[in-house]
Structures are given as C-alpha cells and as structure tokens.
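K.L.:
Just passing along the structure, written as structure tokens.
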Amino acid sequence: MIFKLGKENIFPPVHLAEENGILAVGGDLSPERLLEAYRCGIFPWFSEGDPYIWWSPNPRFVLYPKELAVSKSMRKVLRREIFHITYDLCFNDVIQGCKIAKRRDPGTWITDEMMAAYIKLHDQGYAHSIEAWKDGVLAGGLYGVSLGRCFFGESMFSNCSNSSKAAFISLVRKLGELRFIIDCQVYTDHLHSLGARMIPRSRFIQILDKALLSETLIGNWGSMPFFYS
C-alpha cells in the first residue's frame, strides 16, 4: 500500500513500504518535511511531472567509513594532489552540476523544485556540498544532507576523470574521524567499488537512530577548522 501524505509532516512506518521501496506520495518539499523524512530513513526521488515520491528501500546501501576502498591508481591521484577539495564553497554550482549531469535514464531526477528545496536546506546549514577543483575550475563534487552523525548522499557529478571520486573519498575520510555513517541510499557500481554495501533496512534504522543521538554539525562546513585539519 502506498500512503498519501497530508499537510502534517508525518510519515508511515518504513516497514510498510512497497517491495520496490516506495512508501508514500504527495506532501511538499519544505525543509521541515525533508528533515523529518531523513530522520525516519526516507528520501524523495521522482522525475519531472511525477508526484512527490518518498522511498525507503530494503535493503539499504551504506558505506561504513572504515570500509572505504581506495584503488592504487586513486591513491596515486590523491598523493599528487591534482584536486583541491573544499566544503560548502559553492553549493548552488554543485547541485546545478548534478542536475545537468548525464544520466542513464532520460531526463534528470533533480527538478527545479528539488534544487530549490535543497538550497533552502543548505541555507539552514543541513545540506552540504563538497567540491573538487582543478587549476582553479570546479571539476566535480557531490552534495547531501547531514543529521546527527549520518550523511545522506544525494548526487555527484564529474567534469573530469576522478574529480567526484576525490571529493567523495576526502569526505568519507573526514567523516570517519567523526564516527559518521554514509547513507548511499540505492546501489550503484561506482559506490560499491568504493566499499559501500547493502544492509537490511531494519539494521540501517537502528544505526540511524543511534547516529541521530549525536549533535548535528549545522552550518557552513567550510568555516569549520576540522574539515581542513
């Protein structure tokens, strides 16, 4: 059964999701509803012209930072410092880069409404971008939402080889020091090659509930010394 959301920021229990992971439709993309969704292990994912669709797939695709897998060739790229990594320096440019990036399916899931909603979350200090620069030009990056000690990865883009991968690896290493878990949501070969794996949704919810007990690092991560230590 797929639930229809009302005006209240209330979601049904995730174990009631359809086999494909769809839990509910409708509602809005207000910061309050988005944050409540993430706290419950739910995220929005829909295409232009679709209703708002809310997902909680089982199993869940996650990355434990201690299991991060970096290939020999990528370690060489990182040692050469080809890319300069920054945090929250140009969130709008990163999400725009993700929006126009070529997808396997026609169109893009990052609609104008989605883009505006996550920019609001960024302005409130909950959504963050990680940028990879090459020769002073934005070469790639990713963005996501952070609550407690969980980072919910949303999308990444790359305008040159290894740029988004460098940004992602740098982020995971930093968040690993803070005992974060990385929610990758749904399976991709790319993230699997970096160490992400499937776990039961019930286990993910347990991990998430524990992560949410920690204080959220609200604000611009680019101004926090830890990310440049």
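K.L.:
Looking at this structure, is Lys76 open to solvent by 10 Å² or more (accessible area, probe 1.4 Å), assigned to a helix (DSSP H, G or I), of a type outside the set (Phe, Trp, Tyr) and in contact (Cβ under 8 Å) with a residue 40 or more places away in the chain? Working first, answer last.
P.N.:
On the way: open to solvent by 10 Å² or more (accessible area, probe 1.4 Å): yes; assigned to a helix (DSSP H, G or I): yes; of a type outside the set (Phe, Trp, Tyr): yes; in contact (Cβ under 8 Å) with a residue 40 or more places away in the chain: no.
Judged against the criteria, Lys76 is not a match.
K.L.:
Could you look through the range 159-204, keep only residues that are in contact (Cβ under 8 Å) with a residue 60 or more places away in the chain and among the aromatic types (Phe, Trp, Tyr), and pick out the one that is most open to solvent (accessible area, probe 1.4 Å)?
P.N.:
Tyr187
K.L.:
Among Lys99, Lys66, which is open to solvent by less than 60 Å² (accessible area, probe 1.4 Å), basic (Lys, Arg) and not in a loop (DSSP other than H, G, I, E, B)?
P.N.:
Selected residue: Lys99, the only one of Lys99, Lys66 that is open to solvent by less than 60 Å² (accessible area, probe 1.4 Å), basic (Lys, Arg) and not in a loop (DSSP other than H, G, I, E, B).
K.L.:
Taking the criterion of being of a type in the set (D, E, K, R) and within 23 Å of Leu213 (Cα to Cα), would at least one residue in the range 40-58 satisfy it?
P.N.:
no
K.L.:
Take the residues in the range 114-158 that are among the aliphatic types (A, V, I, L, M) and open to solvent by 10 Å² or more (accessible area, probe 1.4 Å); name whichever of them is farthest from the chain's Cα centre (by Cα).
P.N.:
Val137
K.L.:
Find all pairs meeting these conditions: Cβ atoms under 7 angstrom apart; at least six residues apart or on different chains; first residue within the range 34-52 and assigned to a loop (DSSP other than H, G, I, E, B); second residue of a type outside the set (Phe, Trp, Tyr) and open to solvent by less than 10 Å² (accessible area, probe 1.4 Å).
P.N.:
From the range 34-52, the pairs are Gly41/Ser56; Gly41/Leu208; Ile42/Leu23; Ile42/Ser56; Glu48/Thr111; Tyr52/Pro44.
K.L.:
A follow-up question, please. Could you count how many residues in the range 79-92 are in contact with an Asp or Glu (Cβ under 8 Å, 6 or more places away or on another chain) and open to solvent by 70 Å² or more (accessible area, probe 1.4 Å)? Before you say what the answer is, go through the steps one by one.
P.N.:
Going residue by residue through the range 79-92, those that are in contact with an Asp or Glu (Cβ under 8 Å, 6 or more places away or on another chain) are 85-87, 89-90.
Okay, now just the ones that are also open to solvent by 70 Å² or more (accessible area, probe 1.4 Å), so 89.
The qualifying residues number 1.
The values are calculated or read from the model by the stated rules, or taken from the named source; none is laboratory data. In this text, all values refer to a predicted model and were calculated from it rather than measured experimentally. Cβ sites come from the backbone with ideal geometry, for glycine too, and all protein chains shown count toward neighbours. For the accessible areas, the whole protein counts, side chains as well, though only heavy atoms, and no ligand, DNA or RNA atoms are used. Shrake-Rupley method; radii C 1.70, N 1.55, O 1.52, S 1.80 Å.
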